[in-house]
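Report on the structure given below.
The values are calculated or read from the model by the stated rules, or taken from the named source; none is laboratory data. Just so we're clear, the structure is a prediction, and the values are computed from it rather than from any experiment. With ideal geometry, Cβ positions are generated from the backbone for all residues, glycine too; neighbour counts draw on all protein chains shown. Surface accessibility is based on the protein's heavy atoms, side chains included, excluding ligands, DNA and RNA. Shrake-Rupley method; radii C 1.70, N 1.55, O 1.52, S 1.80 Å.
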Amino acid sequence: MFDSKTRTVVVVGAQWGDEGKGKLVDVLAEQADWVVRYQGGANAGHTVHIGDTSFILHQIPSGILHPGVRCAIGNGVVMDPETLFTEIDELVA
């Protein structure tokens, strides 16, 4: 998917967020340098499974679980600080 000609991939949904964008982003993140979440709020959610462990993410981009992938949260995301810090604590643990 990523090569010298394809440097950026944008995943955009058209069904109010219920179409599985997070899962697709997680698959694409294996080959990415950056994953940027650019819109949405804390009500969003996607589950990522790694072996027998499941991670439920609401605010942090799903690419965070891949080594070497940097994640950013853009200015179009509606932040809930309590949810964000809880999610960070759970990922660190």
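Numerical summary
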read-out	value
Residues that are over 10 Å from the mean Cα position of the chain (by Cα) and assigned to a helix (DSSP H, G or I), drawn from the stretch 28-46	LEU28
Among (1) of a type outside the set (S, T, N, Q); (2) without any contact (Cβ under 8 Å) to a residue 24 or more places away in the chain; (3) outside any strand (DSSP E or B), the one test that LYS23 misses	(2)
Selection count where residues are within 19 Å of VAL69 (Cβ to Cβ) and open to solvent by 100 Å² or more (accessible area, probe 1.4 Å), scope the stretch 39-50	1
Members of the stretch 47-93 found to be within 16 Å of GLY20 (Cα to Cα) and assigned to a loop (DSSP other than H, G, I, E, B), listed by number	HIS58, GLN59, ILE60, PRO61
Single residue of the stretch 1-27 satisfying the filter (open to solvent by less than 100 Å² (accessible area, probe 1.4 Å), more than 13 Å from the chain's Cα centre (by Cα) and not acidic (Asp, Glu)) that is modelled with the lowest pLDDT	PHE2
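Yes/no matrix, rows are residues, columns are (1) polar (S, T, N, Q); (2) surrounded by fewer than 13 Cβ atoms within 10 Å (Cβ to Cβ); (3) more than 11 Å from the chain's Cα centre (by Cα):
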| residue | (1), (2), (3) |
| --- | --- |
| THR53 | yes, yes, yes |
| PRO61 | no, no, no |
| HIS66 | no, no, no |
| GLU82 | no, yes, yes |
| VAL92 | no, yes, yes |
